[in-house]
1. Given K16, K38, which one is in contact with a strand residue (DSSP E or B) (Cβ under 8 Å, 6 or more places away or on another chain), of a type in the set (K, R) and either modelled with pLDDT of 95 or more or part of a strand (DSSP E or B) (or both)?
2. I want to confirm something. Restricting to region 5-45 and keeping residues that are without any contact (Cβ under 8 Å) to a residue 40 or more places away in the chain and β-branched (V, I, T), which single residue is least open to solvent (accessible area, probe 1.4 Å)?
3. Could you check, for region 29-39, whether at least one of its residues is farther than 15 Å from G3 by Cα and small (G, A, S)?
4. Condition first: surrounded by 13 or more Cβ atoms within 10 Å (Cβ to Cβ) and in a loop (DSSP other than H, G, I, E, B). Can you find one or more residues in region 58-65 that meet it?
5. Among (1) under 21 Å from V62 (Cβ atoms); (2) more than 9 Å from the chain's Cα centre (by Cα); (3) of a type outside the set (S, T, Y); (4) outside any loop (DSSP other than H, G, I, E, B), which single condition is W45 missing?
Amino acid sequence: MVGKIESGDDQGKFVKVQELPDDPPSYLVHVAADDAFKTDGGDDWVEDYCSLEQYFAEANWVIVWEGEE
């Protein structure tokens, strides 16, 4: 799922969360200037879902996910 960061750190960029096949799952958080994730981007790894929530909270992100209105 891809979303656009409406406010917070990296405002105006796009974010995609990739669940990795660990047990329990870990996550890669991709951020880029375009929704194809080819321009001005990077990624961070977080170890579990709780860390993922904390990562989003620390960034103060408000995200509009594709398909949401």
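1. When all the criteria are applied, what remains is K16.
2. Among those residues, the one meeting the criterion is V29.
3. There is no residue in region 29-39 that is farther than 15 Å from G3 by Cα and small (G, A, S).
4. yes
5. (1)
The values are calculated or read from the model by the stated rules, or taken from the named source; none is laboratory data. Bear in mind that the values here come from a model prediction, so they are computed numbers and not experimental data. FYI the Cβ positions are ideal-geometry reconstructions off the backbone, even for glycines, and counts take in every protein chain you see. Keep in mind that these areas ignore ligands, DNA and RNA; they rest on the heavy atoms of the full protein, side chains included. Shrake-Rupley method; radii C 1.70, N 1.55, O 1.52, S 1.80 Å.
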